[in-house]
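As structure tokens, the structure follows; a few thoughts come after it.
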Amino acid sequence: MKSRNIFFGALAAAAFMMAAYCPKPAPAANKEAVLMQTLVAGLGQLHFNPPVMDDEFSKKVYKVYINHLDFGRRFLTQADVNKLKAYETKLDDQINTGSTEFFDLSLSLFDAGVTKAQGLFTQATAQPIDFSVKEDVELDGDKKPFAKDDAELQDMWRKTLKYEVLSRLTNKLEDKESGKADVKDKTETVLEQDALKEATKNYMDYFKRLKKVKRGERFSIFLNAITAVYDPHTEYFEPIDKQNFDLSMSGRLIGIGARLQSDPDGDYTKVTDIMIGGPAYKQKELKEGDLIVKVAQGEKEPVSTAGMDINEVVSMIRGKEGTEVRLTVKTKADGSLKVVSIIREEVIVEETFAKSLILQENPAADKIGYIHLPKFYADFDKAEGRQSAEDVEVEIEKLKRAGVKGIILDLRNNGGGSLRDVQKMAGFFIEKGPIVQVKGRDAKPEVLNDDDDAVQYTGPLVIMQNEFSASASEIMTAAMQDYGRAVIVGSNSYGKGTVQRFFNLDRAIRGNDDVKPLGDVKVSIQKFFRVNGGSTQLRGVKPDIFLPDNYTDIKVGEESNDYPMPWTQINPVKFGQSVADLKNSIPQIAAKSADRVKKSEYFRLVAENAKMIKTRRDHSEFPLKLSDYRAYEQKQKDFTKKFDALHQTINSFTATSLSDDFQSIHRDSTKIKTNNEWLKDAVKDQHLYETVEIMKDLIQSSAHATAAAVSNK
């Protein structure tokens, strides 16, 4: 394998191993049995740390599946759950034998529960709703117990309907008060009737869709309950899901530029990735982990996606270029609902690439180079394809020609990518040496080195990261931190120190063409380790200088997942560099930064917002009294307005494009507009501004001028 094709290694060997070890099922075996046995056999051979298939494993699968089956606690009663609980320690045996007895029972109970729930909801719509009664509704499925009986389930549906009507009524009353033409002459009673009709239609559509869900889709949920016990990043993909995944990776469809997947934890569709340069990325409100609960075509009535097949959701979101789609999303951060308006367009692929600016605290200050790297991209299919390391090297040379005194590498929200490019890119800042250790399950660690003596940049280096900087990003920051070659600024990184690969399950068995296609499995096959021996898994990379953000008080990284692989360590390797030792500068620079942050109104409000987000997550009950609900909604809007007011241009802070980029930027109006928006956003970025202040302190420090060797030899 050529070096440019290294992408976390061991792919061919693992594929061979899977084909060699997965047993050939009996010809008479049904597709679900074949699929389940093939999947588990493959995971047993390929996964970095496969769990033991015993009663404890069975309990975990049971817990995950029950939670996935009825996340909102809307359809099953405790009596139903008790019937399923009889299988709590038997699932390992059923998986090994290919039995679907438990799954069949769960499907039967769920289908009956949907029919029952529809009846209970219909009964609720026939009763008057009293919005003067002080009561609450819990919307977080994790915090709701199963209804003890049908009477309690009926009350749950009464409150659900009340909340749905209440939220719509509140919006209509606000529109009326603002003088909106279509509602200004309607009474509150009429508006309430309109809200009830809309809520009823949405839920009737919801029940209809639930009854259309195919058995295969439900079985995929069961299979992913199994894979979830291995680790959060090991997943089963139906053939159609894999096709959609590959299609979204191309970024060439007209849509919103986001990757979606059916949420295993509930009824809705989850945003799994925001494609750099796409409409959602530019709009900035949609985030990874958000749940899409409704979709509207422009001003039309939103359609609930509850229980909807992923392909139906995708088809509603895709559309003609230039048209508007409105997504009602439940945010991952605090569970609140908000409407995100996005104009569909083709994803601009160029926006995924590295680009740079010159930043200055004021027009007379030192020039600071800024490189934005959204991902560690690499085109392995074309010899002339773009590689992130090569592009960053070009940006470094341009910044050097521009006379910058320091370089900031921004890896915020960078979810990773090509290991080869990390390996090469890290070498731009040191003479040579190990960058990362990669270890398979039964293999010795492989040390990936920078073997090039050349140093592309010897000056002060600061790397920005946040909670969504993951995988390859963490390799880069960890290596530069261990070498003392860069100051890491921001929040703790995500903590994903594992490597996944897709394997086609059809290749794992011979014959049985009548049950194919089986789909694909994404498996965690390797783990990363720093040169100091510690893993980036779970713990991530702790910054040298901490900057608070909106997620400071909650868990959003790897530790927020079920059954993540643990942090481990192996032996360190010898490393050292003689370019610049920045470690001794950090305590003094960090103290100055902490003092500025403490005095900053912006960071004070960020801390306040972080606490509010945590409060929303911890207390997810909503008031069902009209006056209380409206007061709650107004409080949220007032705070958001106060926070948005701070996102203004920072006085004297300037961001300018490089003269080397003038021709490419002015090639067409779209690039000019995109670049202008980037410049505007940069000078509103308070975290970036504080990082420039940190860089200024670093430049003034004498530590970087002393080329002291940094070594653990």
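The values are calculated or read from the model by the stated rules, or taken from the named source; none is laboratory data. Source: prediction; values computed, not measured. No Cβ is skipped: glycine too gets one built from the backbone with ideal geometry, and neighbour counts run over all protein chains shown. Remember, those area values only see protein heavy atoms, side chains included, never the ligands or the DNA or RNA. Shrake-Rupley method; radii C 1.70, N 1.55, O 1.52, S 1.80 Å.
Just so you know, in segment 666-698 the residues that are surrounded by fewer than 16 Cβ atoms within 10 Å (Cβ to Cβ) and farther than 26 Å from Phe643 by Cβ include one that is modelled with the lowest pLDDT, and it is Thr670.
Can you tell me how many residues within segment 564-574 are closer than 30 Å to Ile226 by Cβ and either surrounded by 14 or more Cβ atoms within 10 Å (Cβ to Cβ) or among the aliphatic types (A, V, I, L, M) (or both)?
Let us first name the residues in segment 564-574 that are closer than 30 Å to Ile226 by Cβ, namely 564-570.
Narrowing further to those that are either surrounded by 14 or more Cβ atoms within 10 Å (Cβ to Cβ) or among the aliphatic types (A, V, I, L, M) (or both): 564-565, 567-568, 570.
So the count comes out to 5.
Could you look through segment 37-52, keep only residues that are of a type outside the set (A, V, I, L, M) and touching a strand residue (DSSP E or B) at 6+ places or on another chain (Cβ under 7 Å), and pick out the one that is surrounded by the most Cβ atoms within 10 Å (Cβ to Cβ)? Looking at the filtered set, the residue picked out is Gly42. Considering segment 365-395, the residues that are at pLDDT 90 or above and part of a loop (DSSP other than H, G, I, E, B) include one that is nearest to Ser701 (Cα to Cα), namely Asp366.
Can you name the residue in segment 628-651 that is open to solvent by less than 70 Å² (accessible area, probe 1.4 Å) and of a type in the set (S, T, N, Q) and, of all such residues, is farthest from Ser336 (Cα to Cα)? Among residues in segment 628-651 that are open to solvent by less than 70 Å² (accessible area, probe 1.4 Å) and of a type in the set (S, T, N, Q), the one farthest from Ser336 (Cα to Cα) is Thr640.
If we scan segment 371-386, do we find a residue that is over 29 Å from Glu288 (Cα atoms) and crowded, with 22+ Cβ neighbours inside 10 Å? Step through it out loud before you land on a result.
Applying the first criterion (over 29 Å from Glu288 (Cα atoms)) to segment 371-386 yields 382-384.
With crowded, with 22+ Cβ neighbours inside 10 Å added as a condition, the list becomes none.
Scanning segment 371-386, I find no residue that is over 29 Å from Glu288 (Cα atoms) and crowded, with 22+ Cβ neighbours inside 10 Å, so the answer is no.
Of all residues in segment 604-614, those satisfying the criterion of being in contact (Cβ under 8 Å) with a residue 40 or more places away in the chain and either open to solvent by 40 Å² or more (accessible area, probe 1.4 Å) or within 24 Å of the chain's Cα centre (by Cα) (or both) are Val606, Ala607, Asn609, Ala610, Lys611, Met612, Ile613, Lys614. Only one entry of Lys398, Lys439 meets the criterion of being open to solvent by 10 Å² or more (accessible area, probe 1.4 Å), over 25 Å from Ser701 (Cβ atoms), at pLDDT 95 or above and assigned to a strand (DSSP E or B), and that entry is Lys439. Quick check: is even one residue across segment 575-591 aliphatic (A, V, I, L, M), within 30 Å of Pro460 (Cα to Cα), surrounded by fewer than 19 Cβ atoms within 10 Å (Cβ to Cβ) and without any contact (Cβ under 8 Å) to a residue 24 or more places away in the chain? Within segment 575-591 (the criterion being aliphatic (A, V, I, L, M), within 30 Å of Pro460 (Cα to Cα), surrounded by fewer than 19 Cβ atoms within 10 Å (Cβ to Cβ) and without any contact (Cβ under 8 Å) to a residue 24 or more places away in the chain), the answer is yes, since at least one residue qualifies. Counted as qualifying within segment 443-543 are the strands (runs of 3 or more DSSP E) with 3 or more residues that are within 30 Å of Leu35 (Cα to Cα) and out of contact with any helix residue (DSSP H, G or I) (no Cβ under 7 Å at 6 or more places or on another chain), namely 498-504, 520-529.
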